[in-house]
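Shown next, in structure tokens, is the structure this report addresses.
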Amino acid sequence: MPALRVAVAGATGNIGARTAAALERAGHDVVRISRSLGVDLTTGDGLDAALTGVDAVVDATSHEATDRDETVAFFATTTRNLLTAEARAGVRHHVLVTIVGVRRIEGNAHYAGKREQERLVADGPVPWTVVPFTQFHDFAATVVSWTEQDGVAPIAPLLVQPIAPSDVADILAEIATGTPQGHYRDVAGPEQQDLVDMARRTNDARGHRVELVPTWSSIFGTEMAGDVLLPGDGARIAPTTFDEWLAGPQ
């Protein structure tokens, strides 16, 4: 395969940075897009220059606001600006990172924002692939960091099938350098896990002492219980187990 020029939006984030590295390992030319690198997706400043000669774009941006309207507005603005600039630049493939189950959960602000992203991409001017991933292996630790106060962290007993961030990056690099596929199948890790147990094991591995309190009364409610977050039939299964990830470099 000839080398392509691929832009990664959100390139300083967890998945964006790994995806940029995976693309470079495969011999592609990578353009990193983030506000800290001089490109502002909320205003469009710097986008036209960044996308010059770009063949494909991976949108791995994220937003951690808890207000639904604010989150939807952020993703709508950044996605419109990105797609408009891509159309001007002649970009041939837009790849969006999204979440398994995003259409089944109404109450979560982040999921509402991702649904708006998916809608805009599907209705937009650039050929596209939308790739839904399950939660990442480091998700449990992230949730603890959000909720921990005075050595206590409430955490919902979510049933998940988590995937290693490095596997996510490799799959995104593969998809971005291929042809647009529309709605891609669900992508997940190899094993189902309980989020509370994942948090306990992660904390033990990292030497982090915190009391975990299983509850549906914190940031995730019962609308996320059961199999809502699990991949559907025919999902693509990535290889790295949670134990393998936990034993490796963090």
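Structure above, values below:
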| read-out | value |
| --- | --- |
| Test: residue in the range 104-122 that is under 30 Å from Gln193 (Cα atoms), open to solvent by less than 30 Å² (accessible area, probe 1.4 Å), aromatic (Phe, Trp, Tyr) and touching a Ser or Thr at 6+ places or on another chain (Cβ under 8 Å) | no |
| Near pairs, Cβ below 9 angstrom, 6+ apart or cross-chain, from the range 6-19 (under 17 Å from Asp167 (Cα atoms) and touching a residue at least 60 places away in the same chain (Cβ under 8 Å)) to any residue that is open to solvent by 10 Å² or more (accessible area, probe 1.4 Å) and among the acidic types (Asp, Glu) | Asn14/Asp138; Arg18/Asp170; Thr19/Asp170 |
| Candidate set: the range 194-217, residues that are within 20 Å of Leu159 (Cα to Cα) and assigned to a loop (DSSP other than H, G, I, E, B); chosen: the one least open to solvent (accessible area, probe 1.4 Å) | Thr215 |
| Flag if Leu96 is over 30 Å from Pro190 (Cβ atoms) and either in contact with a strand residue (DSSP E or B) (Cβ under 7 Å, 6 or more places away or on another chain) or among the aromatic types (Phe, Trp, Tyr) (or both) | no |
| Hits in the range 73-111 - residues which are at pLDDT below 95, part of a helix (DSSP H, G or I) and among the aliphatic types (A, V, I, L, M) | Ala109 |
| Residue among Thr42, Thr61 that is free of Cβ contacts under 8 Å to residues at least 60 places away in the same chain and either part of a strand (DSSP E or B) or more than 20 Å from Val131 (Cβ to Cβ) (or both) | Thr42 |
| Count of residues meeting criterion [free of Cβ contacts under 8 Å to residues at least 40 places away in the same chain and not hydroxyl-bearing (Ser, Thr, Tyr)] in the range 209-244 | 2 |
| Residue under evaluation Thr77, criteria (1) open to solvent by less than 50 Å² (accessible area, probe 1.4 Å); (2) more than 24 Å from Ala169 (Cα to Cα), criterion not met | (1) |
| In the range 49-58, residue least open to solvent (accessible area, probe 1.4 Å) [restricted to those that are part of a loop (DSSP other than H, G, I, E, B) and within 14 Å of Val95 (Cα to Cα)] | Val54 |
| Criterion: at positive phi, touching a Lys or Arg at 6+ places or on another chain (Cβ under 9 Å) and not aliphatic (A, V, I, L, M) - qualifying residue of Gly207, Gly234, Gly226 | Gly234 |
| Pick from the range 158-170, criterion open to solvent by less than 10 Å² (accessible area, probe 1.4 Å) and part of a helix (DSSP H, G or I), ranking: farthest from Val97 (Cα to Cα) | Pro165 |
| Residue that is within 16 Å of the chain's Cα centre (by Cα) and basic (Lys, Arg), where the choices are Arg25, Arg18 | Arg18 |
| Residue tally, condition assigned to a helix (DSSP H, G or I), within 17 Å of Asp59 (Cβ to Cβ) and free of Cβ contacts under 8 Å to residues at least 60 places away in the same chain, over the range 21-35 | 1 |
| Selection within the range 1-20 - within 19 Å of Gly178 (Cβ to Cβ), outside any helix (DSSP H, G or I) and of a type in the set (Gly, Ala, Ser) | Ala3, Ala7, Ala9 |
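Here is a yes/no grid of residues against (1) farther than 30 Å from Ala20 by Cα; (2) of a type in the set (Val, Ile, Thr); (3) more than 21 Å from the chain's Cα centre (by Cα):
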position: Gln161; (1), (2), (3): no, no, no
position: Pro165; (1), (2), (3): no, no, no
position: Gly182; (1), (2), (3): no, no, no
position: Leu195; (1), (2), (3): no, no, no
position: Arg200; (1), (2), (3): yes, no, yes
position: Val210; (1), (2), (3): yes, yes, yes
position: Asp227; (1), (2), (3): yes, no, no
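The values are calculated or read from the model by the stated rules, or taken from the named source; none is laboratory data. Owing to the predicted nature of the structure, the values given are computational and were not obtained by experimental measurement. Cβ coordinates were reconstructed from backbone atoms using ideal geometry, including for glycine residues, and neighbour counts include every protein chain displayed. When the accessible area is computed, the model is the full protein with side chains, heavy atoms only, and any ligands, DNA or RNA have been set aside. Shrake-Rupley method; radii C 1.70, N 1.55, O 1.52, S 1.80 Å.
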